[in-house]
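Written out below as structure tokens is the structure these notes cover.
The values are calculated or read from the model by the stated rules, or taken from the named source; none is laboratory data. The shown structure was predicted, so the numbers you read here are calculated from the model rather than taken from an experiment. Cβ sites come from the backbone with ideal geometry, for glycine too, and all protein chains shown count toward neighbours.
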């Protein structure tokens with residue numbers, strides 16, 4: 001057992017420690033204050049006149065990597081003094097978080113060919129994006145290539161902080177073999193109205209061909225409503241956005257009808273509240289899927305057909321709107337050689353490169369003349385013809401810095417009332433609309 | 001067996017005029033080499049913990065969002081506005097309630113199970129390596145991989161429900177608002193158990209065998225020995241387990257993000273850190289996220305102090 005005197009000798013604090021401690025605290029506070037101040041005053045950025053080598057990021061799926069590599073190769077062959085270094089976008093929980101971190105760190109590349117429209121408002125607010133309207137012929141080039149659809153990608157001031165690039169119009173895929181096994185006509189399935197869709201779904205599940213008729217992800221991420229509610233709402237309203245003129249639009253009869261339709265699917269056990277590990281359509285856990293043209297290359301082993309999303313009373317395919325699921329191109333302010341970046345941006349969205357994009361990825365370039373310009377492609381690939389037509393009638397997420405917050409507010413209400421059946425669906429939409437109005441009013 | 005430590009002779013002040021203070025002669029203390037050795041970790045703590053914590057507190061009192069270098073923006077002081085915004089949101093309040101449920105299940109379960117299993121392992125004479133590896137493997141396995149297995153086990157048609165039959169909850173575990181958070185608590189307890197068992201195994205090596213012999217001589221059985229010798233003997237380790245499991249539990253993120261698809265069902269398993277992730281990174285409101293974080297830190301510190309006071313004794 002240690003004696004007390006020894007303990008005291010080693011443990012008692014020296015009397016001179018208090019001034020020293022104060023000095024230490026003062027030093028830490030000073031250093032901290034300097035560091036905090038320093039964070040806000042760092043500089044960087046490039047010029048719209050500068051030319052030279054640039055770096056670009058593109059998506060990491062196999063098809064887009066192939067497109068990115070050939071585009072870089074084609075440009076580099078003709079521009080020895082302005083070389084592109086192409087890289088797959090770094091891995092992260094999502095591309096948007098990686099890009100957001102790169103903006104803050106000041107090391108974003110010149111161009112990112114995977115910029116989600118839902119994140120553009122935030123990136124703009126962060127000072128991370130170049131206003132393409134200020135570049136030589138920028139706005140005119142975008143409007144000429146994309147036509148009226150380009151208006152959905154303007155910010156509140158009518159400026160373009162993103163280049164509309166490609167869309168993945170969302171439609172209903174169905175498994176022809178399962179439909180046949182359930183005694184349904186696989187070539188002309190009854191899926192155009194809500195009543196028909198529900199009846200067909202019930203037949204499929206009752207026949208035991210699949211445990212679910214359709215199984216969109218029932219999870220709580222903000223973007224999941226883009227793949228259940230939003231395509232059907234766009235179709236039901238003939239192209240309304242979730243929020244227009246800073247007011248939520250969906251607390252109306254069209255929104256109620258769409259929500260009631262999905263609530264019926266969950267309530268009647270035709271869709272599941274549980275997330276599926278894997279791809280429910282490819283794995284046979286669902287007879288239908290709500291997806292875009294990217295799915296054509298993914299579902300090679302499924303005998304599939306595709307139809308537009310349903311509406312309450314049925315809408316002709318030629319008049320049906322849907323969600324775009326677009327990915328665009330952003331030019332980032334960290335870019336030193338913005339003149340080169342602008343030329344590359346135009347080169348990569350030229351008729352030839354858009355043709356390569358269509359050929360290699362099956363995704364639809366956001367061009368006005370898509371079906372006529374690439375008539376040969378659509379003739380040779382009839383599976384994509386429907387998407388080519390649908391691409392001219394797509395709806396985008398609402399623009400602005402608060403898009404994600406608004407989408408999350410909507411998803412929370414949807415999750416509670418529609419998926420899990422808690423409370424009244426219409427009241428939930430009304431409450432979500434009121435909340436989104438408040439969010440939309442924020443700067 | 002006792003030992004007496006006497007003050008070193010050199011520290012006894014000799015008679016005569018008072019000498020110059022030793023501290024003045026040694027401004028870096030009596031063991032300057034110790035400072036040198038501890039400096040790298042001190043720098044690490046300052047840069048990786050203290051500075052971000054201070055910065056978070058600063059952010060929480062300002063109108064702040066992340067910007068590109070060179071972007072000129074105002075960051076006005078807003079007092080407690082971010083705290084008001086955060087805690088006016090029912091989802092934030094609920095997330096604190098959720099994590100409280102999590103801690104109430106996870107922390108006691110972790111302490112009890114890891115101590116019991118460590119004690120059993122300490123006495124085991126056969127297959128000890130196999131058992132230790134078995135307990136430790138979940139801890140070193142990536143959460144993403146293990147989460148997928150648990151989803152298969154606990155979904156509606158999963159193995160657990162098949163075994164339970166009519167006793168299985170409806171809706172199933174991970175989409176049941178009553179069971180989602182407890183299921184996550186069980187998952188985290190199971191996954192982290194190996195680490196805490198190792199802590200207890202190390203602590204058990206320090207409990208003198210003579211104490212067990214004495215207790216046995218006095219007629220104490222296994223259970224009595226456990227409560228009279230083992231539990232007090234590993235009390236410092238118990239305090240450590242309590243603190244570490246509370247701190248890691250309060251930082252819960254991966255499991256609600258992956259296991260219940262973003263804090264579902266309907267926010268029943270959303271944790272404060274998940275909400276911070278949504279607000280700070282997805283929705284571009286790091287100031288509100290920082291306010292939630294500051295409150296979380298204060299609460300965790302309060303819990304840790306209470307744990308240290310009531311479980312730590314006077315050691």
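Residues in region A:120-131 that are touching a helix residue (DSSP H, G or I) at 6+ places or on another chain (Cβ under 9 Å) and surrounded by fewer than 24 Cβ atoms within 10 Å (Cβ to Cβ) were compared, and the one that is farthest from the other protein chains (Cβ to nearest Cβ) is A:131. Residues that are surrounded by 22 or more Cβ atoms within 10 Å (Cβ to Cβ) and part of a loop (DSSP other than H, G, I, E, B) within region A:102-115 comprise A:108, A:109, A:110, listed in sequence order.
The test for being more than 30 Å from residue B:222 (Cβ to Cβ), touching a residue at least 60 places away in the same chain (Cβ under 8 Å), in contact with a helix residue (DSSP H, G or I) (Cβ under 8 Å, 6 or more places away or on another chain) and away from chain A (no Cβ under 14 Å) does not hold for residue B:135.
Conditions tested, residue by residue: (1) under 24 Å from the mean Cα position of the chain (by Cα); (2) touching a residue at least 40 places away in the same chain (Cβ under 8 Å); (3) within 14 Å of another protein chain (Cβ to nearest Cβ).
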residue	(1), (2), (3)
B:148	yes, no, yes
B:165	no, no, no
B:174	yes, yes, yes
B:191	yes, yes, no
B:197	yes, yes, no
B:230	yes, yes, no
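With the structure loaded, tell me whether residue A:300 is closer than 27 Å to residue A:217 by Cα, in the same structural domain as residue A:217 (by TED's automatic domain parsing) and modelled with pLDDT of 95 or more or whether it fails that test. So residue A:300 fails the test. Residue B:84 meets the conditions (1) within 30 Å of residue B:232 (Cα to Cα); (2) assigned to a helix (DSSP H, G or I) in every case but one. The failed one is (1). Among the residues of region A:119-141, how many are under 20 Å from the mean Cα position of the chain (by Cα) and either at positive phi or assigned to a helix (DSSP H, G or I) (or both)? Selection size over region A:119-141: 7.
The criterion of at least 2 residues that are away from chain A (no Cβ under 13 Å), over 13 Å from the mean Cα position of the chain (by Cα) and at pLDDT below 95 is met by the following helices (runs of 4 or more DSSP H) wholly inside region B:242-315: B:286-311.
So, in region A:96-112, how many residues would count as being within 12 Å of chain B (Cβ to nearest Cβ) and under 20 Å from the mean Cα position of the chain (by Cα)?
Counting residues in region A:96-112 that are within 12 Å of chain B (Cβ to nearest Cβ) and under 20 Å from the mean Cα position of the chain (by Cα) gives 9.
Listed by first and then second residue, the pairs with beta-carbon distance under 7 Å, at least 6 apart or on different chains, first residue in region A:137-164 and free of Cβ contacts under 8 Å to residues at least 12 places away in the same chain, second crowded, with 17+ Cβ neighbours inside 10 Å, are A:143/A:150. Please tell me if residue B:118 is assigned to a loop (DSSP other than H, G, I, E, B), at pLDDT 90 or above and either within 11 Å of chain A (Cβ to nearest Cβ) or in contact with a helix residue (DSSP H, G or I) (Cβ under 9 Å, 6 or more places away or on another chain) (or both). Against the criterion (assigned to a loop (DSSP other than H, G, I, E, B), at pLDDT 90 or above and either within 11 Å of chain A (Cβ to nearest Cβ) or in contact with a helix residue (DSSP H, G or I) (Cβ under 9 Å, 6 or more places away or on another chain) (or both)), residue B:118 does not qualify.
Of all residues in region A:73-101, those that are part of a helix (DSSP H, G or I), touching a helix residue (DSSP H, G or I) at 6+ places or on another chain (Cβ under 8 Å) and either surrounded by 15 or more Cβ atoms within 10 Å (Cβ to Cβ) or not assigned by TED's automatic domain parsing to the domain that holds residue A:348 (or both) total 5.
Each row is one residue, and each column tells you yes or no for (1) within 13 Å of chain A (Cβ to nearest Cβ); (2) at pLDDT 75 or above.
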position: B:4; (1), (2): yes, no
position: B:7; (1), (2): yes, no
position: B:11; (1), (2): yes, no
position: B:21; (1), (2): yes, no
position: B:32; (1), (2): no, yes
position: B:45; (1), (2): yes, yes
position: B:50; (1), (2): yes, yes
position: B:56; (1), (2): yes, yes
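For region B:207-223, the set of residues classified as closer than 26 Å to residue B:309 by Cα and out of contact with any helix residue (DSSP H, G or I) (no Cβ under 7 Å at 6 or more places or on another chain) consists of B:208 only.
Within the bounds of region A:327-345, is there any residue that is in contact with a strand residue (DSSP E or B) (Cβ under 8 Å, 6 or more places away or on another chain), more than 15 Å from residue A:110 (Cα to Cα), in the same structural domain as residue A:104 (by TED's automatic domain parsing) and assigned to a loop (DSSP other than H, G, I, E, B)? Within region A:327-345 (the criterion being in contact with a strand residue (DSSP E or B) (Cβ under 8 Å, 6 or more places away or on another chain), more than 15 Å from residue A:110 (Cα to Cα), in the same structural domain as residue A:104 (by TED's automatic domain parsing) and assigned to a loop (DSSP other than H, G, I, E, B)), the answer is no, since none of the residues qualifies. For region A:239-271, residues that are assigned to a loop (DSSP other than H, G, I, E, B), more than 21 Å from the chain's Cα centre (by Cα) and either in contact (Cβ under 8 Å) with a residue 60 or more places away in the chain or within 14 Å of another protein chain (Cβ to nearest Cβ) (or both) total 5. For region B:58-71, residues that are out of contact with any strand residue (DSSP E or B) (no Cβ under 7 Å at 6 or more places or on another chain) and more than 8 Å from chain A (Cβ to nearest Cβ) total 4. Screening residue A:426 on (1) within 14 Å of chain B (Cβ to nearest Cβ); (2) closer than 30 Å to residue B:178 by Cβ; (3) in contact (Cβ under 8 Å) with a residue 60 or more places away in the chain shows it passes everything except condition (1).
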